[in-house]
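Worksheet for the structure shown next.
The values are calculated or read from the model by the stated rules, or taken from the named source; none is laboratory data. In this text the structure is predicted, and so the values were computed from the model without any measurement. Cβ atoms come from the backbone with ideal geometry, glycine included; neighbour counts cover every protein chain shown. Areas reflect the complete protein model, heavy atoms only, side chains present, ligands, DNA and RNA absent. Shrake-Rupley method; radii C 1.70, N 1.55, O 1.52, S 1.80 Å.
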Amino acid sequence: MSDLQKLQRFSTCDISDGLLNVYNIPMGGYFPNLTAISPPQNSSIVGTAYTVLFAPIDDPRPAVNYIDSVPPNSILVLALEPHLQSQFHPFIKITQAMYGGLMSTRAQYLKSNGTVVFGRIRDVDEHRTLNHPVFAYGVGSCAPKAVVKAVGTNVQLKILTSDGVTQTICPGDYIAGDNNGIVRIPVQETDISKLVTYIEKSIEVDLLVSEDIKNGIPAKQAQNDRRSVLKKYI
């Protein structure tokens with residue numbers, strides 16, 4: 001079983017718990033404010049980040065064709081340069097949509113597992129008809145060609161979040177998504193086998209905690225008693 005297949009068994013909450021408790025990642029890899037515009041049909045999606053950077057239309061770098069090079073089992077991740085982002089809603093400074101239905105059609109044909117857009121998308125019904133999972137800050141109707149263009153692929157993306165922290169997504173990171181949102185697993189900084197083992201044990205423990213609570217044991221007591229075993233997996 002591949003790392004991606006192992007991780008797909010877990011919710012983003014499970015993964016965030018592992019990243020927080022094993023690797024002390026304060027936000028548990030979570031990226032706030034994204035909405036599942038076209039929700040995953042299964043419980044979750046997981047893939048390798050294929051990153052795309054957008055810049056203003058007058059940027060001297062030439063536009064790149066990113067959509068015809070989407071790798072299989074990838075999560076397509078689109079973001080604007082930091083100066084086009086905002087800490088506050090709607091979290092970007094342009095109103096145009098960066099991604100549309102034809103892009104999902106091509107990405108799905110190339111066997112991408114989903115798309116994350118730190119910006120607006122359009123053609124909502126097309127994404128949903130395709131059953132192609134798409135997360136975004138919001139929606140729009142206008143194409144982006146008058147204001148921004150894609151200028152780089154497989155580059156680091158800097159994402160300004162609403163708490164004022166800038167997070168990074170690197171090419172090759174694992175991205176997981178479900179109804180709780182999007183989580184980044186930094187592959188270069190984590191031992192995936194160790195993370196998976198902790199998550200599996202944590203799920204087992206929480207099932208026991210749940211049973212204890214249903215049997216009348218106070219929640220805090222049940223958590224303290226059952227979760228002590230997890231220390232050996234950190």
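A few notes on this one:
- Reported count of residues in the range 208-226, each being in a loop (DSSP other than H, G, I, E, B) and open to solvent by 90 Å² or more (accessible area, probe 1.4 Å), is 1.
A quick yes/no check of all residues on (1) within 19 Å of residue 55 (Cα to Cα); (2) buried (at least 22 other Cβ atoms within 10 Å of the Cβ); (3) polar (S, T, N, Q); (4) modelled with pLDDT under 95:
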{"residue": "111", "(1), (2), (3), (4)": "no, no, no, no"}
{"residue": "114", "(1), (2), (3), (4)": "no, yes, no, no"}
{"residue": "117", "(1), (2), (3), (4)": "yes, yes, no, no"}
{"residue": "124", "(1), (2), (3), (4)": "no, no, no, no"}
{"residue": "150", "(1), (2), (3), (4)": "yes, no, no, no"}
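- One residue stands out among those in the range 159-179 that are among the charged types (D, E, K, R) and more than 21 Å from residue 37 (Cβ to Cβ): the one that is surrounded by the fewest Cβ atoms within 10 Å (Cβ to Cβ), which is 163.
- Of all the residues in the range 41-69, those that are in a loop (DSSP other than H, G, I, E, B) and surrounded by fewer than 20 Cβ atoms within 10 Å (Cβ to Cβ) number 12.
- Leading residue by the ranking (surrounded by the fewest Cβ atoms within 10 Å (Cβ to Cβ)) among those in the range 70-88 that are of a type outside the set (Ser, Thr, Tyr) and assigned to a loop (DSSP other than H, G, I, E, B): 88
- The range 100-150: number of residues that are in contact with a Leu (Cβ under 7 Å, 6 or more places away or on another chain) and not aliphatic (A, V, I, L, M): 9
- Pairs with Cβ under 8 Å, 6+ apart, first in the range 1-17 and farther than 16 Å from residue 75 by Cβ and open to solvent by less than 30 Å² (accessible area, probe 1.4 Å), second of a type in the set (Gly, Ala, Ser) and not in a helix (DSSP H, G or I): 16/28; 16/29
- Residue within the range 182-197 that is part of a strand (DSSP E or B), in contact with a helix residue (DSSP H, G or I) (Cβ under 6 Å, 6 or more places away or on another chain), surrounded by 16 or more Cβ atoms within 10 Å (Cβ to Cβ) and charged (D, E, K, R) present: no
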